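The values are calculated or read from the model by the stated rules, or taken from the named source; none is laboratory data. Here the structure is a predicted model, which is why all the values come from computation and not from measurement. In this analysis, Cβ positions are derived from the backbone assuming ideal geometry, glycine residues included, and neighbour counts consider all displayed protein chains.
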Amino acid sequence: MHTDTERCVRAVQSKDARFDGVFFTAVRTTRIYCRPSCPAHPPKPENMEFHPSSASCQRAGFRACKRCRPDTTPGSPEWNVRADAVARAVHLIQDGVVDREGVPGLARRLGWSTRQIERQLLAELGAGPLALARAQRAQTARVLIETTAMPLGEIAFAAGFASIRTFNETVREVFALTPGELRARAPRPTGTTGTVRTGTPGTISLRLPFRTPLEPSNLFGHLAATAVPGIEEWRDGAYRRTLNLPYGHGIVALAPRPDHIACRLSLTDPRDLTHAISRCRRLLDLDADPVAVDDRLRADPLLAPVVDTAPGRRVPGTVDPAEFAVRAVLGQQVSTAAARTHAARLVTAHGTPVDDPEGGLTHLFPGPEALAVLDPETLALPRSRRTTLLTLVRALADGSLTLGPAEDREETRARLRALPGFGPWTTEIIAMRALGDPDAFLPGDLGVRRAAEGLGLPGTPAALTARAAHWRPWRAYAVQYLWATDDHPINLLPTEGH
């Protein structure tokens, strides 16, 4: 959109928050860049230029606005819809691959040359992989500076900078403030002085922004209703779970608020912050554009009343695609409670123990390597289901199958369908939640079929699929609205004591 100057100017002049993260406004006279909804008086159109990313603005020599903080906007929803190599590269950079493996590592994962990656990202985003990773490091550093009492030297390396000098120069260039000045300006709890502190040592508290509206009932209801004891729980108004991260592990608590998601992270290694935030945003689908989604679904007169009842539904994702695939197999043709029981047994027997002083979390979910060597006779599953599960985890363990939003969706679907016991439902639910495909569809799901018949939509999978062609590319969201017509616990915001 950043190339449509007239449309961008109109969005800036109307302070339309729907475009935050879709493009960025750079002001030539002040050398500052803003989000479209910045509360400052809009500059003259002839003084504006538009960029597709904050990294592009920084690369062009613009500093982040101190009022609207454009570096903290939700991510562009474009990357949710697109599944090409550029979108996959963006997801990998968001996960910190460039920081951990460099541009050559990013290239290996995509099957590209480093020159191809540089050229494609410059064309699409106005910045190459190093600039995009640098912008992300700067934002991670800002979060740590403003929300923790960590020494600035430790923050430099935790955020991924190679040296304290580079850290200081980058922060000063991007935010027009030194790290010390950023910390001095950060809000503090009433009655405190000195550096910013959080309630528990090692805990980072931050706000995860999203585009409104957001309907939390099915999102948090689904996570709580399917929570596996030991790795997930609902406590004190928040969904809590353990995280297996590149440098260590962590525990996150996520609570819905009217204009943000309150996020509290406890990490064994602060270098995992960027990756943990990325996973949480995908879990809650926070980069979605609910207005675009709902407008398309409302165009179907039979679906419109359901959308209007509670607009802004999101598609629950996952923090660990391999974990979700295993749980999807355990959930085949059984109740939600039975699926939780099967998963809890695996967690207790094969998961890595963790300490949780604040709650009842006890383990990390076992990885494919641990599950690939388990004795099938210990599984309280039908023989065919055991074969399906073991074939899946062995493929994940040896790398012949990889899952995640950075993978090619259709190629991954084909690999899943080739596994024994993988039918359309299992393949599509993994595509929906582990691959992040907003157009994944479950026409054979019993809940979807019942809801469709109740609304007067076609009841057979083939006829419903034909009708759903008008909902593309948002059929996964249509599934959430269809499920919402039932009173199943997945549709209800949890209460205390759940």
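Based on what the data block shows, is Thr25 surrounded by fewer than 19 Cβ atoms within 10 Å (Cβ to Cβ) and either in contact (Cβ under 8 Å) with a residue 24 or more places away in the chain or assigned to a strand (DSSP E or B) (or both)? No; evaluated as a whole, the condition is false for this residue.
Let's see how each residue does on (1) over 30 Å from Arg235 (Cβ atoms); (2) among the aliphatic types (A, V, I, L, M); (3) in the same structural domain as Ser278 (by TED's automatic domain parsing); (4) assigned to a helix (DSSP H, G or I):
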| site | (1), (2), (3), (4) |
| --- | --- |
| Asp356 | no, no, yes, no |
| Arg386 | yes, no, yes, yes |
| Ala406 | yes, yes, yes, no |
| Glu411 | yes, no, yes, yes |
| Arg415 | yes, no, yes, yes |
| Thr427 | yes, no, yes, yes |
| Ala431 | yes, yes, yes, yes |
| Gly436 | no, no, yes, no |
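Against the criterion of being in contact (Cβ under 8 Å) with a residue 12 or more places away in the chain and surrounded by fewer than 16 Cβ atoms within 10 Å (Cβ to Cβ), Thr387 qualifies. Taking Gly102 as the residue in question, decide whether it is modelled with pLDDT under 90 and not assigned by TED's automatic domain parsing to the domain that holds Val293. Considered against the rule, which asks whether it is modelled with pLDDT under 90 and not assigned by TED's automatic domain parsing to the domain that holds Val293, Gly102 comes out as no.
Here Leu396, Leu401 are screened, and the one residue that is assigned to a loop (DSSP other than H, G, I, E, B) and either surrounded by fewer than 17 Cβ atoms within 10 Å (Cβ to Cβ) or in the same structural domain as Val329 (by TED's automatic domain parsing) (or both) is Leu401.
Of Ala325, Ala349, Ala276, Ala292, all but one fail to be assigned to a helix (DSSP H, G or I) and touching a strand residue (DSSP E or B) at 6+ places or on another chain (Cβ under 7 Å); the exception is Ala276. For the stretch 105-122, taking the residues that are hydrophobic (A, V, I, L, M, F, W, C) and at pLDDT 90 or above, the one that is surrounded by the fewest Cβ atoms within 10 Å (Cβ to Cβ) is identified as Leu122. Checking the structure you have, find out if any residue of the stretch 476-494 is assigned by TED's automatic domain parsing to the domain that holds Arg314 and over 17 Å from Glu215 (Cβ atoms). No, the stretch 476-494 has no match at all. The single condition among (1) modelled with pLDDT of 95 or more; (2) assigned to a loop (DSSP other than H, G, I, E, B); (3) touching a helix residue (DSSP H, G or I) at 6+ places or on another chain (Cβ under 7 Å); (4) buried (at least 22 other Cβ atoms within 10 Å of the Cβ) that Asp285 does not meet is (3). Among residues of the stretch 68-96 that are without any contact (Cβ under 8 Å) to a residue 40 or more places away in the chain and of a type outside the set (D, E, K, R), those with a beta-carbon under 7 Å from a residue that is buried (at least 21 other Cβ atoms within 10 Å of the Cβ) and in a loop (DSSP other than H, G, I, E, B) at least six positions away or on a different chain give the pairs Cys68/Arg35; Cys68/Cys38.
Checked against (1) in a loop (DSSP other than H, G, I, E, B); (2) crowded, with 21+ Cβ neighbours inside 10 Å, Phe220 meets all criteria but (1). Every residue in the stretch 145-158 that is under 16 Å from Arg172 (Cβ atoms) and buried (at least 23 other Cβ atoms within 10 Å of the Cβ), please. Hits for the stretch 145-158 are Ile145, Ile155, Ala156.
The conditions of being touching a residue at least 24 places away in the same chain (Cβ under 8 Å), more than 29 Å from Val97 (Cα to Cα) and in the same structural domain as Pro357 (by TED's automatic domain parsing) are not met by Ser266.
Select from the stretch 469-498 the residues that are over 23 Å from Ala238 (Cα atoms) and part of a loop (DSSP other than H, G, I, E, B) and list them in ascending order. Of everything in the stretch 469-498, those that are over 23 Å from Ala238 (Cα atoms) and part of a loop (DSSP other than H, G, I, E, B) turn out to be Arg472, Pro473, Trp474, Thr485, Asp486.
Suppose we filter the stretch 61-78 for residues that are assigned to a helix (DSSP H, G or I) and either of a type outside the set (Val, Ile, Thr) or surrounded by 22 or more Cβ atoms within 10 Å (Cβ to Cβ) (or both); how many remain?
We begin by selecting, within the stretch 61-78, every residue assigned to a helix (DSSP H, G or I); these are 70-72, 78.
Imposing the further condition that a residue be either of a type outside the set (Val, Ile, Thr) or surrounded by 22 or more Cβ atoms within 10 Å (Cβ to Cβ) (or both) reduces the set to 70-71, 78.
Adding up the residues that qualify gives 3.
Test Ala440 against the criterion of being closer than 13 Å to Ala325 by Cβ, among the small types (Gly, Ala, Ser), assigned by TED's automatic domain parsing to the domain that holds Val307 and modelled with pLDDT of 95 or more, and give yes or no. No: the conditions fail for Ala440.
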